[in-house]
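Structure first, commentary second.
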Amino acid sequence: FAETNLKIMNRIILFSIVIIFFACVKISYTQPNDCSGPNSEIHDDGTFENGYTMGGDSIRFIMKVEPTVYPWNYKKVCIGWTRVFTGPSSLDYDIMIFKVNANGTPGFLLKEFLGQHVDSIPILPNVKWSSTELNLPILITGSYYIGVRYKNNPQREVFIASDESPGTPEIPSYCTNELDYFQNWITTDSQWADYKSLAIRMSGEPGLDAMSCVNPSGAEIHDDGTFENAALSS
């Protein structure tokens with residue numbers, strides 16, 4: 001009898017270890033640098049036919065990102081870089097996040113993540129992905145414009161990779177090399193007619209709307225979502 005109990009205890013301990021192991025694996029999982037893991041937002045088809053840049057020291061490329069479910073918490077952005085053989089193999093850049101105006105154009109600057117760096121940039125059509133962890137306000141509705149800012153000149157031939165495959169749906173994107181970028185955004189497809197998508201990918205997770213109990217797991221909801229009357233009292 002004691003031996004049987006010992007065997008049962010050993011099995012319980014072994015089962016607990018297995019559960020803890022899988023829990024740790026789940027907790028320790030991180031998105032790869034190309035944001036190709038679970039909950040990814042990828043608009044390119046995985047091939048990059050071109051790379052875009054502009055002359056000057058105030059270059060910005062931004063693309064619209066919009067989740068398919070809400071609330072949504074964007075956690076990471078991944079940028080794909082490429083170059084020509086005469087270009088340097090490294091680049092310093094900043095991540096920029098903009099609100100979206102009612103007409104769909106970029107709005108005011110919401111947040112910046114300064115001092116990002118990428119090295120070992122390969123030659124087109126190969127791409128090197130770099131990633132930045134984000135802590136953005138959770139989207140209850142709507143979208144963001146997210147992209148990069150960096151310096152360039154005719155001798156610094158490093159590019160943000162671009163998808164120009166005819167089968168790729170076009171995603172709204174803007175670029176500029178003007179310091180007063182709020183007034184000088186131009187659409188990327190007006191600069192490059194074959195543009196479809198930039199190498200900008202996102203990953204995230206379902207968010208919790210602090211002002212609502214509509215979506216959270218475990219929410220206790222008794223109404224049917226419609227409200228036909230209100231009890232008003234002084």
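Considering only residues that are open to solvent by 10 Å² or more (accessible area, probe 1.4 Å) and within 15 Å of the chain's Cα centre (by Cα), look in the range 60-69 and name the one that is nearest to Arg149 (Cα to Cα). It comes out as Lys64. In the range 50-59, of all residues being part of a strand (DSSP E or B) and at negative phi, the one that is surrounded by the fewest Cβ atoms within 10 Å (Cβ to Cβ) corresponds to Asp57. Scanning the range 189-200 for residues that are farther than 15 Å from Arg149 by Cα and not in a strand (DSSP E or B) turns up Asp189, Ser190, Gln191, Trp192, Ala193, Asp194, Tyr195, Lys196.
Of everything in the range 17-49 that's among the polar types (S, T, N, Q) and open to solvent by less than 50 Å² (accessible area, probe 1.4 Å), which residue is modelled with the highest pLDDT?
Looking at residues that are among the polar types (S, T, N, Q) and open to solvent by less than 50 Å² (accessible area, probe 1.4 Å), I get Ser40.
Table: residues versus (1) on the phi > 0 side of the Ramachandran plot; (2) among the hydroxyl-bearing types (Ser, Thr, Tyr).
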{"position": "Leu110", "(1), (2)": "no, no"}
{"position": "Gly115", "(1), (2)": "yes, no"}
{"position": "Ile121", "(1), (2)": "no, no"}
{"position": "Pro125", "(1), (2)": "no, no"}
{"position": "Lys128", "(1), (2)": "no, no"}
{"position": "Leu134", "(1), (2)": "no, no"}
{"position": "Ile138", "(1), (2)": "no, no"}
{"position": "Tyr145", "(1), (2)": "no, yes"}
{"position": "Arg156", "(1), (2)": "no, no"}
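Residues that are open to solvent by less than 10 Å² (accessible area, probe 1.4 Å) and either in contact with a helix residue (DSSP H, G or I) (Cβ under 9 Å, 6 or more places away or on another chain) or closer than 22 Å to Gly207 by Cα (or both) within the range 87-105 comprise Ile95, Met96, Ile97, Phe98, listed in sequence order.
The single condition among (1) farther than 14 Å from Gly147 by Cα; (2) surrounded by 14 or more Cβ atoms within 10 Å (Cβ to Cβ) that Pro125 does not meet is (2).
Please enumerate the residues belonging to the range 168-183 that are under 11 Å from Pro106 (Cβ atoms), open to solvent by 20 Å² or more (accessible area, probe 1.4 Å) and either modelled with pLDDT of 95 or more or assigned to a loop (DSSP other than H, G, I, E, B) (or both). Pro172, Tyr174 - these are the residues of the range 168-183 that are under 11 Å from Pro106 (Cβ atoms), open to solvent by 20 Å² or more (accessible area, probe 1.4 Å) and either modelled with pLDDT of 95 or more or assigned to a loop (DSSP other than H, G, I, E, B) (or both). Just the residues that are in contact (Cβ under 8 Å) with a residue 60 or more places away in the chain and surrounded by fewer than 23 Cβ atoms within 10 Å (Cβ to Cβ), please, taken from the range 73-86. Asn73, Lys75, Lys76, Cys78, Val84, Thr86, listed by residue number.
For the range 151-166, a residue qualifies if it is modelled with pLDDT of 95 or more, out of contact with any Asp or Glu (no Cβ under 7 Å at 6 or more places or on another chain) and either surrounded by fewer than 17 Cβ atoms within 10 Å (Cβ to Cβ) or of a type in the set (D, E, K, R) (or both), and exactly one does: Pro166.
The values are calculated or read from the model by the stated rules, or taken from the named source; none is laboratory data. What you see is a predicted model; the values in this text were computed from it and never measured. As a convention, Cβ positions derive from the backbone with ideal geometry for all residues, glycine included, and neighbour counts pool all protein chains shown. Ligands, DNA and RNA are excluded from the accessible area calculation, which covers all protein heavy atoms including side chains. Shrake-Rupley method; radii C 1.70, N 1.55, O 1.52, S 1.80 Å.
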